[in-house]
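Colleague: Here it is, the structure, as structure tokens.
The values are calculated or read from the model by the stated rules, or taken from the named source; none is laboratory data. The model shown is predicted, which means the values in this text are computed figures rather than measured ones. Because the Cβ atoms are built from the backbone with ideal geometry, glycine has one as well, and the counts that use them run over all protein chains shown.
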Amino acid sequence: MSVRVSGAIVFALAGCAVGAPPPAMELFGDSEQVFGETGNQSSATSNGPGGDEEDTGGTTGGDESTTRDDEPDPDAGETGTPCPVGSDGCPCTMGGACDTGLACVGGLCELADPECGNGLVEPGEECDAGRGNGDENPCKSDCTDQVCGDGFVGPGEACDDGNAVDDDACSNACALASCGDGVTQTGEECDDMNLVETDACLSTCLAASCGDAIVWTAMEACDDGNAVDTDDCTNSCLPATCGDDIVWTGMETCDDGNTDPSDGCTDACLCAWDFESPDHTAGWTMTGGWALYTEAPLSTNAAVPFVTQGTVFGTDGNRVAPYPGTEAESSTLTTNDFVFGESLDFLSWHVDEGGATYDQKRIEVSTNGGTTWTTVLDCDIGPGNTEAFCLLESGPRDESAWDEISIDVSGFAGQTGRVRFTYDTIDTCCSFEQGWYIDVANLLTCG
């Protein structure tokens, strides 16, 4: 048997035992002495015949003890440096304990598997609130921090759907989708994050559009919130105007989308003849002085040019050119057949005795081709004698002083018929008279 002790090799040679084996052996520096229990030296080292070896001639008596300098020191780390008891890779304490986060395995301290829920933040854990762990709490049940997008609704979150889709019911900020959050969600047409109702996106997150009852700034001139195209705001959200090809109820009787007054729809959008064209009276039957005029003739009053109205239709009022002439007339005008509306509408201008007794005026309707006639107004009798043209007008009269006339014919509305105007001076009086004229008359089928 041989052991290395402090650089010397000690041999125990067979047959060379010296005395009784000592109970213990102590090593001192580069020499070795073996002492018995009484402390007396029982053997000493000596060089053997080889000169490089030493032998020890005794034993400790009981158990044999040997020490080798190539064995690791149990109190040293892997590098041979002192190893703090209880630390990672070092011996456990006498009680088998290790530093926090370590476990005693086979007498050495090793990294312990983390125990989530023990209240200690151990390696591999983001948090550990012990009993305070929970999937709706700041530290979840798996000891990870609560974050938006983890699929758990934590403190400060209104929702958490665990996805990165920003336009579903739960945004990427873990807030419930709502109008005004700046994200166009399912069911929203837009979302501009403001409460301005008149921009391109309403506060209801619907795109501004004509008919939503809100005037879209710089895009709409009006918006009445309905689908009625014939009121004062069209379905294009533009104000109704003559010439837009839409008949404005109560304001227009026609609208053909042009400004040509000769087609039966005037440039004021009235379904009427303005007599600017001879065609407007084509087919009419006329007697006496009924004709187209551009002025009221000279009488004791000066001639009156119709500057405002232009060409009009009427009779010169029992006058025959050259003026002044005779002052008696009984004449009629009969129109072509047309479909009646609710009323007969026209402008009227007269200078005569009115018609209660003289210069009588009568308007009649026939729906059977002129076989029979129904009087709808007579200045000589009945309630019609309160119309403006039934009143005395001796002049002088301004050329723009036209009266608006509307005679109820609702009983004939929708029927086809004709109208007859009758003018009868009765007498030859008077020198001031200048006749009776009409303009812008709805004596045609409208619509």
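Colleague: Pick from region 243-253 the residues that are of a type in the set (A, V, I, L, M, F, W, C) and surrounded by 19 or more Cβ atoms within 10 Å (Cβ to Cβ): which of them is nearest to THR445 (Cα to Cα)? Spell out how you get there, then give the answer.
Modeller: Of all residues in region 243-253, those of a type in the set (A, V, I, L, M, F, W, C) come to 246-248, 251.
Still in the running and surrounded by 19 or more Cβ atoms within 10 Å (Cβ to Cβ): 246-248.
Working: ILE246: 17, VAL247: 15, TRP248: 17 Å.
Among residues in region 243-253 that are of a type in the set (A, V, I, L, M, F, W, C) and surrounded by 19 or more Cβ atoms within 10 Å (Cβ to Cβ), the one nearest to THR445 (Cα to Cα) is VAL247.
Colleague: Further question: Just to be sure I understand, how many residues within region 280-309 are under 56 Å from the mean Cα position of the chain (by Cα) and either surrounded by 16 or more Cβ atoms within 10 Å (Cβ to Cβ) or outside the structural domain of ASP359 (by TED's automatic domain parsing) (or both)?
Modeller: From region 280-309, those under 56 Å from the mean Cα position of the chain (by Cα) are 280, 307-309; that's our starting set.
Applying the additional criterion that residues be either surrounded by 16 or more Cβ atoms within 10 Å (Cβ to Cβ) or outside the structural domain of ASP359 (by TED's automatic domain parsing) (or both) yields 280, 309.
Going through region 280-309 one residue at a time, the tally reaches 2.
Colleague: Could you tell me which numbered condition GLU329 fails, if it satisfies all but one of (1) over 20 Å from ARG418 (Cβ atoms); (2) outside the structural domain of GLY370 (by TED's automatic domain parsing)?
Modeller: (2)
Colleague: Which residue, of ASP135, ASP113, is in a loop (DSSP other than H, G, I, E, B) and surrounded by 13 or more Cβ atoms within 10 Å (Cβ to Cβ)? I'd like the intermediate steps shown before the answer.
Modeller: Details: ASP113 fails: surrounded by 13 or more Cβ atoms within 10 Å (Cβ to Cβ).
Of ASP135, ASP113, the one residue that is in a loop (DSSP other than H, G, I, E, B) and surrounded by 13 or more Cβ atoms within 10 Å (Cβ to Cβ) is ASP135.
Colleague: Can you find even one residue in region 88-105 that is under 30 Å from ASP191 (Cβ atoms) and loosely packed, with under 13 Cβ neighbours inside 10 Å? Steps first, please.
Modeller: Filtering region 88-105 down to residues under 30 Å from ASP191 (Cβ atoms) leaves none.
Among the residues of region 88-105, not one is under 30 Å from ASP191 (Cβ atoms) and loosely packed, with under 13 Cβ neighbours inside 10 Å, which makes the answer no.
Colleague: Then there is this: All but one of (1) touching a Gly at 6+ places or on another chain (Cβ under 7 Å); (2) farther than 20 Å from VAL304 by Cβ; (3) crowded, with 21+ Cβ neighbours inside 10 Å hold for VAL419, so report the exception by its number.
Modeller: All conditions are met except number (1).
Here's the yes/no breakdown for (1) at pLDDT below 95; (2) farther than 25 Å from CYS201 by Cβ; (3) outside any loop (DSSP other than H, G, I, E, B):
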site	(1), (2), (3)
GLU220	no, no, no
ASP224	no, no, no
VAL228	no, yes, no
SER236	no, no, no
CYS242	yes, yes, no
THR249	yes, yes, no
CYS254	yes, yes, no
THR259	yes, yes, no
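Colleague: Within the group ASP260, ASP274, ASP256, which residue is touching a helix residue (DSSP H, G or I) at 6+ places or on another chain (Cβ under 8 Å), surrounded by fewer than 21 Cβ atoms within 10 Å (Cβ to Cβ) and of a type outside the set (Ser, Thr, Tyr)? Lay out the reasoning, then the answer.
Modeller: Values: ASP260 fails: touching a helix residue (DSSP H, G or I) at 6+ places or on another chain (Cβ under 8 Å); ASP274 fails: surrounded by fewer than 21 Cβ atoms within 10 Å (Cβ to Cβ).
Every option except ASP256 fails the conditions.
Colleague: Do you know which residues across region 310-334 are at pLDDT 90 or above, farther than 10 Å from TYR437 by Cα and either of a type in the set (Lys, Arg) or buried (at least 20 other Cβ atoms within 10 Å of the Cβ) (or both)?
Modeller: LEU333, the sole residue that qualifies.
Colleague: Is it the case that some residue within region 277-287 is touching a residue at least 40 places away in the same chain (Cβ under 8 Å) and either at positive phi or touching an Asp or Glu at 6+ places or on another chain (Cβ under 9 Å) (or both)?
Modeller: Scanning region 277-287 turns up at least one residue that is touching a residue at least 40 places away in the same chain (Cβ under 8 Å) and either at positive phi or touching an Asp or Glu at 6+ places or on another chain (Cβ under 9 Å) (or both).
Colleague: Hey, another quick one. Would you confirm whether or not region 207-222 contains a residue that is under 13 Å from the mean Cα position of the chain (by Cα) and exposed (fewer than 15 other Cβ atoms within 10 Å of the Cβ)?
Modeller: yes
Every residue, every condition in (1) more than 25 Å from ASP337 (Cα to Cα); (2) free of Cβ contacts under 8 Å to residues at least 60 places away in the same chain; (3) polar (S, T, N, Q), yes or no:
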{"residue": "ASN235", "(1), (2), (3)": "yes, yes, yes"}
{"residue": "ILE246", "(1), (2), (3)": "yes, yes, no"}
{"residue": "GLY250", "(1), (2), (3)": "no, yes, no"}
{"residue": "CYS254", "(1), (2), (3)": "no, no, no"}
{"residue": "ALA272", "(1), (2), (3)": "no, no, no"}
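Colleague: Can you spot a residue in region 278-289 that is more than 19 Å from VAL419 (Cα to Cα) and in a loop (DSSP other than H, G, I, E, B)? Explain how you work it out, then say what you get.
Modeller: Of region 278-289, the ones more than 19 Å from VAL419 (Cα to Cα) are none.
No, because not a single residue in region 278-289 is more than 19 Å from VAL419 (Cα to Cα) and in a loop (DSSP other than H, G, I, E, B).
Colleague: Against the definition (buried (at least 19 other Cβ atoms within 10 Å of the Cβ), assigned to a strand (DSSP E or B), free of Cβ contacts under 8 Å to residues at least 60 places away in the same chain and in the same structural domain as ALA291 (by TED's automatic domain parsing)), how does LEU344 come out, yes or no? Break it down stepwise before answering.
Modeller: Details: buried (at least 19 other Cβ atoms within 10 Å of the Cβ): yes; assigned to a strand (DSSP E or B): yes; free of Cβ contacts under 8 Å to residues at least 60 places away in the same chain: no; in the same structural domain as ALA291 (by TED's automatic domain parsing): yes.
So LEU344 fails the test.
Colleague: While we're looking at this one, here's another question. Which condition number does THR375 fail, the rest of (1) in contact with a helix residue (DSSP H, G or I) (Cβ under 9 Å, 6 or more places away or on another chain); (2) buried (at least 20 other Cβ atoms within 10 Å of the Cβ); (3) among the β-branched types (Val, Ile, Thr) being met?
Modeller: It is condition (2) that THR375 fails.
Colleague: I'm trying to understand the selection: among the residues of region 199-210, which are at pLDDT below 95 and either among the small types (Gly, Ala, Ser) or not in a loop (DSSP other than H, G, I, E, B) (or both)?
Modeller: SER203
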